Ligand code: TTP
Ligand code: MG
């Protein structure tokens, strides 16, 4: 059976919601983000992008580049509500949805031939439903896998609809820059350029041994597969998962509580990121500890309020850890969240707007630069006298 994956990503999401709700903003450069002196642009309407304004740019730069722009602080509660509405529409088009962020997700639409004339027509129907029910425009990419679908949704933004079929890989994928490959950041791109690979096609046709030599076996194999348009990652419906967790085995056993708590902080950050990315909150936090002799313990706690922020997950895990007598070295630590709130169908952020904004910014950075960019949440008070790292 031909696998078909759809990637949907809203156009200039926050700015489009503002334009929808304020007639006077339409057709004009709208910039959403922190308006203070040290604020950062969350997003800009396509009118503003023409002036070189984009996400994650200091607001001061945006004001310089687009002095006549309309600057708005943003209403995250509203955007989350709209996001929930969009994901509800998605759920009519596929039972298998992987939310990636507030405005984008993957839908596995394989085997739905009876419901659709063609993948393209199915995408047109989804776009029309989103537009009719929310007044917003989505760009859609369809392809045999996630990697290609995500590339496809971006190719004709805004209001894009691109299908990359199994026979289109050379024509569509190969002329693109290696930077478009999932996981290729600035550094890897530089290394690839040094090797003489600037396009995906050059990479696909390159000498595998050279790549293995430069990047190592694993990374090289993965890159070559992607350059050939191959990617068999499944669409993961995190909501169906029983738990979301991360664990870490240490190269050297941990012998102090302090070291262990530092690792718990990093783990809490990873679990929080995964939960928020999926729009989930967990009621139960579980801590897993494996000692040097491989004996393994789990401790869990159900919390009065479901959590999704790093500091709350960390606090719960640390409390569980403090009740655990430290005997010998620790070989592995893990944290997982479970007992997902049923109301957690995306919009369940009851916390303060400030916290939301902070984590919105952190998550945007993680999304952009990889999740390791921030391993310690700035809100978390560590147990050192001055809170120093
Ligand atoms: P994106 O989908 O990356 O951007 P976008 O929807 O504004 O524009 P487009 O997809 O058409 O290129 O992100 C979705 C929303 O997430 C965006 O509207 C605002 C928020 N966001 C931030 O707050 N900070 C960021 O750095 C990024 C990239 C996004
Ligand atoms: Mg978007």
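General observations
- Residue match in the range 11-33 (condition: under 30 Å from residue 167 (Cβ atoms) and touching a strand residue (DSSP E or B) at 6+ places or on another chain (Cβ under 7 Å)): yes
- Scanning the range 53-94 for residues that are free of Cβ contacts under 8 Å to residues at least 24 places away in the same chain and within 26 Å of residue 142 (Cα to Cα) returns 54, 91.
- Of the criteria (1) within 30 Å of residue 232 (Cα to Cα); (2) within 15 Å of ligand 1 (Cβ to nearest atom); (3) not in a helix (DSSP H, G or I), which one residue 107 fails: (2)
- Residue in the range 67-75 that is away from ligand 1 (no atom under 16 Å from the Cβ) and more than 23 Å from the chain's Cα centre (by Cα) present: yes
- Selection of the range 1-52 for residues being away from ligand 1 (no atom under 14 Å from the Cβ) and more than 18 Å from residue 74 (Cβ to Cβ) yields 1, 2, 3, 4, 5, 6, 23, 27, 51, 52.
- Selection within the range 257-274 - within 16 Å of the chain's Cα centre (by Cα) and either surrounded by fewer than 21 Cβ atoms within 10 Å (Cβ to Cβ) or modelled with pLDDT of 85 or more (or both): 269, 270, 271, 272, 274
- Conditions (1) in a loop (DSSP other than H, G, I, E, B); (2) in contact with a helix residue (DSSP H, G or I) (Cβ under 6 Å, 6 or more places away or on another chain); number of the one not met by residue 165: (2)
- Extreme residue, farthest from ligand 2 (Cβ to nearest atom), among residues of the range 72-109 that are over 22 Å from residue 274 (Cα atoms) and crowded, with 16+ Cβ neighbours inside 10 Å: 109
- Per the conditions (1) part of a strand (DSSP E or B); (2) more than 22 Å from residue 182 (Cβ to Cβ), the sole criterion not satisfied by residue 246 is (2).
- With respect to the conditions (1) part of a helix (DSSP H, G or I); (2) more than 22 Å from the chain's Cα centre (by Cα); (3) free of Cβ contacts under 8 Å to residues at least 12 places away in the same chain; (4) more than 16 Å from ligand 1 (Cβ to nearest atom), residue 114 lacks only one, and its number is (1).
The values are calculated or read from the model by the stated rules, or taken from the named source; none is laboratory data. Treat the numbers as computed from the prediction; the structure is a model and nothing was measured. Every residue, glycine as well, gets a Cβ built from its backbone with ideal geometry; the counts of neighbours run over all protein chains shown.
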